[in-house]
1. Ranked from the most accessible area to the least, with a 1.4 Å probe and all protein chains present, what is the order of Leu174, Leu129?
2. Shape verdict for the stretch 261-309, please, from the Cα gyration tensor: rounded (a/c under 1.5), prolate (a/b greater than b/c) or oblate.
3. How much accessible area per residue does the stretch 111-160 have, counting only protein heavy atoms and a probe of 1.4 Å, in square angstrom?
4. Under the 0.36 nm per residue contour assumption, what length would be gained going from the current alpha-carbon distance of Lys267 and Thr350 to full extension?
5. May I ask you to give the percent of accessible area on the stretch 343-404 that is carbon plus sulfur, with a probe radius of 1.4 Å?
6. Restricting to DSSP loop positions (anything but H, G, I, E, B) with no more than 13 other Cβ atoms inside 10 Å of their own Cβ, which GluC sites (Glu not before Pro) remain in the stretch 314-375?
7. If you count only protein heavy atoms with a 1.4 Å probe, what accessible area per residue comes out for the stretch 231-316, rounded to a whole Å²?
8. What is the extension gain from Asn242 to Glu329, computed as 0.36 nm multiplied by their sequence separation minus the C-alpha to C-alpha distance, in nm to one decimal?
Amino acid sequence: MNFTQLTLISLLAVATYGLIQKPLNNAGGIKVNRGAKHSKNRRQKMREQQRQRRLRQQNDHINAERQNNHGFLQVKDDEILDLDGPEINKVAHASLQSKVIITDPQPNSHLMGGNFFVGIDVAIDDEKLFWEKYEGAQMCFSLDDAPWHCWSARHGRVHYSQAVEGPHTLVAILYHNNTLLDDFKSETVSFNVVHDPEFGSDGDTKNNTMKSKSDANGNGEEDEAEKIHIDVPVVQIMAPINKATYPGNEISFHSQIQPSDPDIFEKYFNHSFVCINMDAATAHSCFPIYGQDNDTLPIITAIPSGLHTIEAALMHPNTRDLINITSSETKTFFTSGNDHKEAAFIIHVTVDGEQKEVPVVRGSDFRAQAHAFCASIFLPHDNQCIIGVEEKLIQGMNLHGIGW
């Protein structure tokens, strides 16, 4: 395993970045007309103070719920009535209604540097009803009309890194049961990325350090930051498998890292990301290093049929820049499309009485293809499965008279 030493500032209190950065006081998007100015008598002042206190408690509750596995969701609470204003129609809870809003980047904003988090509100009427209907759903984003990159709707933290300079567009949509749900689609947000001319090259140490919270004292002077040396591993892409063909237009992304000192690495990279770039996209999409399991693996969907490339790297926990020395090898893979129009031939494999199709695109590696198929049926290391599928692939090639 290759390791490279990285210098970090001792900044253990790395922020847990929430997806929703500014709570909605008027949950559900209701606009409140507060009416005439309050008189300054004591009673009205007390009422206003009580109302503000209730609003703060409401927002504190919402923020606490967001940290408790609610992911992107913002529950529409009934509006608190202004005792001195007009009556407000409360939110109807009879049906499941929602609105997806990208809160960051803001429309027509200018972002410096190319690294940015995405804020997203999914305002719903009934959270219980939502999860009963959409358990396992993912929130997907398309940057500059690229394929949809999807995060868990419960645990997602959305980040992009190294966006190219210039104009960009971003749109979000909910994904459930292999379907993009247009009823849960945001408006398209346009924004611009500007690269700071003061930024140094990859070798510039200011891209690998960050001031700790104690750096600046009350007099505006800076203390020398403590530096921590950490061996950082190279990212290994486990899926998609190199030179394998995937049916349809979707893949799951799974990576592996093997740090020399796992405890120290997790201590400093606990809130950091692994970032991927498919087909030389305009930015890397980034997923948390920790907190992912097989049920919450990120996916990429609506991929055009044909040949694709993918690579990955770790994000620096202080600067949020990519650590180029952790970059994976570039993998190539194929997608055959929903109608397998890109497939040179198709073999059929029976699994538990059910026949499954295994499409193969010219240029695929048969052993890799067999590994990919067996992994898809939860037999990733079963030699009998791998050898059996590989033999059928060779037979299929010979049967169709295809030279490889």
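1. Values: Leu174 0, Leu129 70 Å².
Solvent-accessible surface, decreasing: Leu129, Leu174.
2. Working: a/c = 3.20, a/b = 2.03, b/c = 1.57.
It comes out prolate by the Cα gyration axes.
3. Working: 1620 Å² over 50 residues.
Here the per-residue accessible area is 32 Å².
4. Details: separation 83, 0.36 × 83 = 29.88 nm, distance 4.57 nm.
Between Lys267 and Thr350, full extension yields an extra 25.3 nm.
5. Working: 1820 of 3610 Å².
Percent of accessible area from carbon and sulfur atoms in the stretch 343-404: 51.
6. On the way: sites: Glu329, Glu342, Glu354, Glu357; in loops: Glu329, Glu342.
Hits after loop and neighbour filter: Glu329.
7. Values: 3200 Å² over 86 residues.
Value returned for the stretch 231-316: 37 Å² of accessible area per residue.
8. Values: separation 87, 0.36 × 87 = 31.32 nm, distance 0.99 nm.
Taking Asn242 through Glu329 to full extension adds about 30.3 nm, to one decimal.
The values are calculated or read from the model by the stated rules, or taken from the named source; none is laboratory data. Being a predicted model, the structure only gives us computed values, none of them experimental. Backbone-built Cβ (ideal geometry, glycine too); neighbour counts: all protein chains shown. Calculation scope for accessible area: heavy atoms of the full protein, side chains included, ligands and nucleic acids excluded. Shrake-Rupley method; radii C 1.70, N 1.55, O 1.52, S 1.80 Å.
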